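First the structure, in the form of C-alpha coordinates, and then the observations on it.
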Amino acid sequence: MSEHNNQDAQHQGEKPVKRREMSRRQFLSYTLGGATAFMGAGMLVPMVRFAVDPVLQPKTKADWVKVVEAGQITDEPKSFKFKVHQVDGWYENDAELEAWIAKDKDGNLFALNPTCKHLGCTVNWNANPEYKEQYFCPCHGAHYTIDGKNLAVAPAPLDQYDLKVENGFVYVGQLGPNKRVK
Ligand code: FES
(Lines give C-alpha, C1' and ligand atoms only; values in the text may rest on other atoms or scores of the structure.)
Protein backbone atom coordinates (compact mmCIF):
# COMPACT_ATOMS: atom_id res chain seq x y z
CA MET A 1 0.00 0.00 0.00
CA SER A 2 2.70 2.39 0.86
CA GLU A 3 4.39 1.89 -2.52
CA HIS A 4 1.09 2.47 -4.35
CA ASN A 5 0.35 5.58 -2.32
CA ASN A 6 3.80 6.92 -3.01
CA GLN A 7 3.30 6.57 -6.75
CA ASP A 8 -0.08 8.31 -6.51
CA ALA A 9 1.45 11.07 -4.49
CA GLN A 10 4.18 11.50 -7.08
CA HIS A 11 1.66 11.57 -9.91
CA GLN A 12 -0.72 13.87 -8.12
CA GLY A 13 1.90 16.07 -6.51
CA GLU A 14 4.21 16.84 -9.46
CA LYS A 15 2.52 16.91 -12.85
CA PRO A 16 -0.36 19.35 -12.32
CA VAL A 17 1.87 21.77 -10.40
CA LYS A 18 4.45 21.68 -13.19
CA ARG A 19 1.82 22.39 -15.86
CA ARG A 20 0.34 25.32 -13.90
CA GLU A 21 3.78 26.93 -13.39
CA MET A 22 4.63 26.67 -17.09
CA SER A 23 1.36 28.10 -18.30
CA ARG A 24 1.57 31.02 -15.86
CA ARG A 25 5.12 31.79 -16.96
CA GLN A 26 4.16 31.60 -20.61
CA PHE A 27 1.14 33.77 -20.04
CA LEU A 28 3.24 36.41 -18.29
CA SER A 29 5.97 36.35 -20.92
CA TYR A 30 3.47 36.60 -23.78
CA THR A 31 1.60 39.43 -22.09
CA LEU A 32 4.69 41.40 -21.13
CA GLY A 33 6.35 40.72 -24.49
CA GLY A 34 3.26 41.81 -26.40
CA ALA A 35 2.83 44.96 -24.32
CA THR A 36 6.52 45.85 -24.72
CA ALA A 37 6.41 45.29 -28.47
CA PHE A 38 3.24 47.37 -28.75
CA MET A 39 4.72 50.28 -26.79
CA GLY A 40 8.00 50.00 -28.68
CA ALA A 41 6.22 50.12 -32.03
CA GLY A 42 4.19 53.09 -30.82
CA MET A 43 7.39 55.03 -30.19
CA LEU A 44 9.38 53.68 -33.13
CA VAL A 45 6.90 54.27 -35.96
CA PRO A 46 6.73 58.08 -35.55
CA MET A 47 10.53 58.23 -35.17
CA VAL A 48 11.15 56.24 -38.35
CA ARG A 49 8.55 58.28 -40.19
CA PHE A 50 10.15 61.53 -39.01
CA ALA A 51 13.55 60.33 -40.21
CA VAL A 52 12.61 59.05 -43.67
CA ASP A 53 9.61 61.21 -44.60
CA PRO A 54 11.49 63.87 -46.63
CA VAL A 55 13.48 61.18 -48.39
CA LEU A 56 10.27 59.51 -49.55
CA GLN A 57 8.76 62.72 -50.86
CA PRO A 58 8.87 62.91 -54.67
CA LYS A 59 11.65 65.17 -55.90
CA THR A 60 10.27 68.33 -57.43
CA LYS A 61 11.64 69.61 -60.70
CA ALA A 62 14.33 72.23 -60.34
CA ASP A 63 13.17 75.81 -60.76
CA TRP A 64 14.35 77.83 -63.70
CA VAL A 65 17.30 80.06 -62.88
CA LYS A 66 18.04 83.24 -64.82
CA VAL A 67 21.68 83.09 -65.90
CA VAL A 68 22.64 85.56 -68.60
CA GLU A 69 21.38 87.80 -71.38
CA ALA A 70 20.79 85.70 -74.48
CA GLY A 71 22.68 88.27 -76.59
CA GLN A 72 25.94 87.30 -74.88
CA ILE A 73 25.81 83.71 -76.13
CA THR A 74 27.85 82.88 -79.23
CA ASP A 75 28.98 79.70 -80.98
CA GLU A 76 32.00 79.68 -78.62
CA PRO A 77 30.97 78.05 -75.29
CA LYS A 78 31.21 80.33 -72.27
CA SER A 79 31.12 79.39 -68.60
CA PHE A 80 28.47 80.87 -66.29
CA LYS A 81 27.99 80.32 -62.56
CA PHE A 82 24.59 80.42 -60.93
CA LYS A 83 23.01 79.49 -57.60
CA VAL A 84 20.22 77.01 -56.95
CA HIS A 85 18.39 76.32 -53.74
CA GLN A 86 18.69 72.59 -52.99
CA VAL A 87 16.60 70.50 -50.61
CA ASP A 88 17.98 67.05 -49.81
CA GLY A 89 15.92 65.41 -47.11
CA TRP A 90 16.09 67.79 -44.14
CA TYR A 91 19.16 69.56 -45.51
CA GLU A 92 18.75 72.79 -47.49
CA ASN A 93 21.46 74.95 -49.03
CA ASP A 94 22.30 77.28 -51.88
CA ALA A 95 24.70 75.52 -54.21
CA GLU A 96 26.75 77.25 -56.87
CA LEU A 97 26.57 75.44 -60.19
CA GLU A 98 28.24 76.04 -63.53
CA ALA A 99 26.99 75.74 -67.07
CA TRP A 100 28.84 76.10 -70.36
CA ILE A 101 26.40 77.73 -72.76
CA ALA A 102 26.77 77.98 -76.52
CA LYS A 103 24.72 78.50 -79.68
CA ASP A 104 24.66 75.75 -82.33
CA LYS A 105 24.70 76.35 -86.10
CA ASP A 106 20.88 76.45 -86.17
CA GLY A 107 20.85 79.23 -83.58
CA ASN A 108 19.67 77.00 -80.71
CA LEU A 109 21.20 77.65 -77.30
CA PHE A 110 22.27 74.74 -75.11
CA ALA A 111 23.92 74.39 -71.72
CA LEU A 112 26.26 71.63 -70.57
CA ASN A 113 27.39 70.67 -67.11
CA PRO A 114 31.20 70.62 -66.81
CA THR A 115 31.37 67.64 -64.43
CA CYS A 116 33.51 65.02 -66.17
CA LYS A 117 31.69 61.72 -66.61
CA HIS A 118 34.83 59.76 -65.80
CA LEU A 119 35.39 60.52 -62.10
CA GLY A 120 33.83 63.93 -61.62
CA CYS A 121 36.61 66.47 -62.18
CA THR A 122 35.72 69.70 -63.97
CA VAL A 123 36.23 70.04 -67.70
CA ASN A 124 37.15 73.28 -69.49
CA TRP A 125 36.64 74.44 -73.02
CA ASN A 126 39.76 74.61 -75.22
CA ALA A 127 42.03 73.90 -72.26
CA ASN A 128 44.48 71.59 -74.05
CA PRO A 129 46.25 72.57 -77.31
CA GLU A 130 46.11 68.91 -78.38
CA TYR A 131 42.32 68.98 -78.31
CA LYS A 132 41.33 72.25 -79.92
CA GLU A 133 37.65 73.25 -79.86
CA GLN A 134 36.91 70.52 -77.32
CA TYR A 135 36.18 70.19 -73.62
CA PHE A 136 39.16 68.73 -71.80
CA CYS A 137 39.45 67.18 -68.35
CA PRO A 138 42.84 67.73 -66.64
CA CYS A 139 42.52 64.73 -64.30
CA HIS A 140 42.90 61.78 -66.68
CA GLY A 141 42.65 63.36 -70.11
CA ALA A 142 39.01 62.82 -71.07
CA HIS A 143 37.86 65.07 -73.90
CA TYR A 144 34.50 65.89 -75.42
CA THR A 145 33.09 67.60 -78.50
CA ILE A 146 31.30 70.96 -78.30
CA ASP A 147 28.02 69.02 -77.91
CA GLY A 148 29.49 67.11 -74.96
CA LYS A 149 30.05 63.83 -76.80
CA ASN A 150 32.68 61.75 -75.00
CA LEU A 151 35.68 61.03 -77.24
CA ALA A 152 38.09 59.32 -74.82
CA VAL A 153 38.39 58.04 -71.23
CA ALA A 154 34.90 59.13 -70.06
CA PRO A 155 32.14 56.54 -70.47
CA ALA A 156 29.29 58.98 -71.26
CA PRO A 157 28.56 62.44 -72.69
CA LEU A 158 28.48 65.55 -70.48
CA ASP A 159 25.11 66.13 -68.85
CA GLN A 160 22.85 68.85 -70.22
CA TYR A 161 20.63 71.44 -68.52
CA ASP A 162 17.15 72.22 -69.72
CA LEU A 163 17.32 75.73 -71.18
CA LYS A 164 14.79 78.37 -72.20
CA VAL A 165 15.01 81.95 -73.40
CA GLU A 166 12.46 84.37 -72.01
CA ASN A 167 12.36 88.17 -72.38
CA GLY A 168 15.89 88.13 -73.76
CA PHE A 169 17.40 86.11 -70.88
CA VAL A 170 18.71 82.55 -70.72
CA TYR A 171 17.26 80.38 -67.98
CA VAL A 172 18.59 76.95 -67.03
CA GLY A 173 16.58 74.25 -65.29
CA GLN A 174 16.76 70.56 -64.59
CA LEU A 175 20.04 68.74 -65.22
CA GLY A 176 19.76 65.48 -67.14
CA PRO A 177 21.34 63.23 -69.73
CA ASN A 178 22.72 64.81 -72.88
CA LYS A 179 20.03 65.04 -75.60
CA ARG A 180 22.33 66.37 -78.31
CA VAL A 181 24.44 63.24 -78.76
CA LYS A 182 23.65 59.54 -78.92
FE1 FES B 1 37.91 63.51 -65.95
FE2 FES B 1 39.04 61.31 -65.04
S3 FES B 1 37.78 62.68 -64.02
S4 FES B 1 39.22 62.19 -66.98
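The values are calculated or read from the model by the stated rules, or taken from the named source; none is laboratory data. If you're wondering where the values come from, they're calculated on a predicted model, not measured in any experiment. Quick reminder, even Gly has a Cβ in these numbers, built from the backbone with ideal geometry, and neighbours come from all protein chains shown.
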**Q.** Of all residues making up the range 103-121, the number that are in contact with a Ser or Thr (Cβ under 7 Å, 6 or more places away or on another chain) and not in a loop (DSSP other than H, G, I, E, B)
**A.** 2
Q: Starting from residues that are within 22 Å of ASN108 (Cα to Cα) and in contact with a Gly (Cβ under 6 Å, 6 or more places away or on another chain), keep the ones in the range 141-173 and report whichever is surrounded by the fewest Cβ atoms within 10 Å (Cβ to Cβ).
A: ASP162
Q: Considering each residue of the range 156-182, count those that are in a loop (DSSP other than H, G, I, E, B) and either within 21 Å of the chain's Cα centre (by Cα) or among the hydrophobic types (A, V, I, L, M, F, W, C) (or both), and give that number.
A: 7
(Q) Going by what's in this entry, would LYS103 be described as basic (Lys, Arg), away from the ligand (no atom under 16 Å from the Cβ) and surrounded by 12 or more Cβ atoms within 10 Å (Cβ to Cβ)? (A) yes
**Q.** Sole residue being surrounded by 12 or more Cβ atoms within 10 Å (Cβ to Cβ) and of a type in the set (Gly, Ala, Ser), chosen from ALA127, ALA95
**A.** ALA127
**Q.** Every residue from the range 111-137 that is touching a Phe, Trp or Tyr at 6+ places or on another chain (Cβ under 8 Å) and more than 15 Å from the ligand (Cβ to nearest atom)
**A.** ALA111, ASN126
(Q) As an exercise: evaluate LEU151 against (1) within 24 Å of TRP64 (Cα to Cα); (2) within 16 Å of the ligand (Cβ to nearest atom); (3) part of a strand (DSSP E or B) and give the number of the one condition it does not meet. (A) (1)
**Q.** Check on LEU97, assigned by TED's automatic domain parsing to the domain that holds GLY168, of a type outside the set (S, T, N, Q) and within 19 Å of the chain's Cα centre (by Cα)
**A.** yes
Q: Please verify whether the range 122-140 includes one or more residues that are in contact with a Gly (Cβ under 7 Å, 6 or more places away or on another chain) and assigned to a loop (DSSP other than H, G, I, E, B).
A: no
